[in-house]
1. Just need log10 I(q)/I(0) for segment 416-493 at q = 0.11 Å⁻¹, Debye formula, equal scatterers on the alpha-carbon atoms, no solvent, rounded to two decimals.
2. Binning every alpha carbon pair distance of segment 243-356 at 10 Å from zero, what are the percents per bin?
3. Carbon and sulfur atoms: what percent of the 1.4 Å accessible area of segment 33-172 do they account for?
4. Can you grab the distance from the C-alpha centre of segment 174-192 to the C-alpha centre of segment 78-147, Å, no decimals?
5. Taking the Cα atoms of segment 11-163, report the difference between the largest and smallest coordinate on each principal axis, in whole Å and largest first.
6. Once you put a point 7 Å from the Cα of residue 65 and another 7 Å from the Cα of residue 229, both along the Cβ direction, what distance in nm separates them?
7. Taking just the alpha carbons, could you work out the radius of gyration and Dmax for segment 23-102, both in angstroms?
8. Dipole of the chain, Cα-centred, from +1 at each Lys and Arg C-beta and -1 at each Asp and Glu C-beta, to the nearest 20 debye?
Amino acid sequence: MQLKGKTRSTKIKYIFVTGGVMSGLGKGIISSSTAKLIQLSGIRVSCVKIDPYVNYDAGTMNPIAHGEVYVTDDGGECDMDIGNYERFLNISIKKEHNITTGRIYSQVIKAERSGKYLGQCVQIIPHITDAIKNSLRKIAEDENLQVLVIECGGTVGDIESLPFLEAFRQMELEEGVNNTLFIHVTLAPILDVVGEQKTKPTQHSIQELRRIGIQPDILAVRCKIKLSNETKKKISLFASIAENCVISSHDADSIYSIPELLASQGLMNTITKKLDLPKRQIKYQNWKSIAKSFTTQNKNIRIAIVGKYVTLPDSYVSIYHALSHAGAKNGIQVHIEWIESEKFEDKDNLDYLDNFDGILIPGGFGKRGTSGMINVANYSRLKNIPYLGICLGFQLALVSFARNVCKITEANSTELDQKTKNPIIEFMPEQRSINDLGGTMRLGSHEIEIKPGTIASKIYLSRTINRRHRHRYEFNKKYLDIIERNGMILSGFSDYGKRTEILEIPRHKFYVAIQYHAEFSSRPGKPEQSFEEFVKTASLKF
Ligand code: GLN
């Protein structure tokens, strides 16, 4: 396309999103929303998350400290922001899109050992920064992207993120100013005493960024209420950024309204101009109506999530989203209460669950809290309260049924008691020879065959589905007959019938549990079917 005599550049564009002031400002949502606007303009875009910690991936981290481990189709154990990108963009993202210091260093060290740098002293600059730049360019080229949005975790000033920011700075030089753009996310706190939006933290974090050679093009300023014009002016002056490039990122009713909030302040115009992108209309209609469905529900339900990582709801963030997608599509507002499963080790506490329209037991590892979960799985069966069990919630529903209905003494999972006489749930045989704990579970997407004529087949309306997994233990099929004879049906299998994936109890309002993590397949406007059916049933007045 000819543009005033010059050819529009077809080079890949890189948008870098950095954060200042403090963590937890919603950089992931700003990055996803920016990418969404680009996608809605008909441009091929994807996102990368950089986590500057030394872990190779998020798989071995405690969810209470770091939030959920998000599993990709290709079996990556990733930072939860990858989930935001997938939900906003409705695409499947490869595990390479989650770059950590560990991944970069192991790549460089491997190359050094193989003799790639023979004779050289291997250094952070250029070797580590080159590896970072190459990883980003490779993703963009391999996926034939026009724009790649790169979010850098942490806060400017962290020692760990320096090599990444240095790589971004170098990319501006190498790719050209028209092919790179920097968005810096900061905070304008309001002090109770004066009620005024304070700009000093933003000013300081921009200075920090400039000190390492990056001048942001756009500022996304988080604040409780809309940034006043006066505040925008002040920030613009101190940061040397045009006023229309200071974007107010104030609280919204739903995260899915953020793209519109940003676009209404001219974000896309600025991006299009700076990056010399084709000027296209943002095709909003469908997305806007999806976003609206999250703010216009007229029914309310209460769901108890009984788990072991409940002190940080981010530990189950995809479950939260899957429930809210299911609710929004059906006009239902889902109110969640996160309950520590240890509370139900004392059976006297179980009647607290009568206050809920549905109970969900999510995934988890290790023994703590599991006897409470087993009691809860049994209670919801007895009291006919809709139940959805996920992964550990599937395994413990089987243990509970084996103990309480089939009367199998000492029925257990070998994860909880290695020497149990009746291992209803056992270590997968393939796992026995594995010693490492990082990246060695049964991970990622696997095909599941659904038994015709079952509740599962009505939920999915399909003979096969593909869902993501993350587990080491599985149902021991030696117990299949006795379980089914007692009224629980096993209705989904994978790996040519070897692995059991779904259970259901027909004579119950809704008692379904799944070995896979359905929450990672839910999208706004397109909820995962088991979540949708669970939420719909929970909303029915019987
Ligand atoms: N701990 C169980 C297993 O490894 C369940 C895993 C999970 O809930 N993600 O099989």
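The values are calculated or read from the model by the stated rules, or taken from the named source; none is laboratory data. Predicted model, so just to flag it, every value in this text is computed and none were measured. Don't worry about glycine lacking a Cβ; one is built from the backbone with ideal geometry, like all the others, and counts go over all protein chains shown. To get the accessible areas, we keep the full protein, side chains included, count just its heavy atoms, and leave off ligands, DNA and RNA. Shrake-Rupley method; radii C 1.70, N 1.55, O 1.52, S 1.80 Å.
1. Log-scaled intensity ratios, in q order: -0.39.
2. Percent of pairs per bin, in order: 12, 29, 27, 18, 10, 4, 1.
3. Summing carbon and sulfur atoms, their accessible area is 53 percent of the total for segment 33-172.
4. What the calculation gives is 22 Å, centre to centre.
5. 49, 40, 32
6. 4.9
7. 12.5, 38
8. Values: 71 positive and 60 negative charges, 283 e Å.
The dipole magnitude comes to about 1360 debye.
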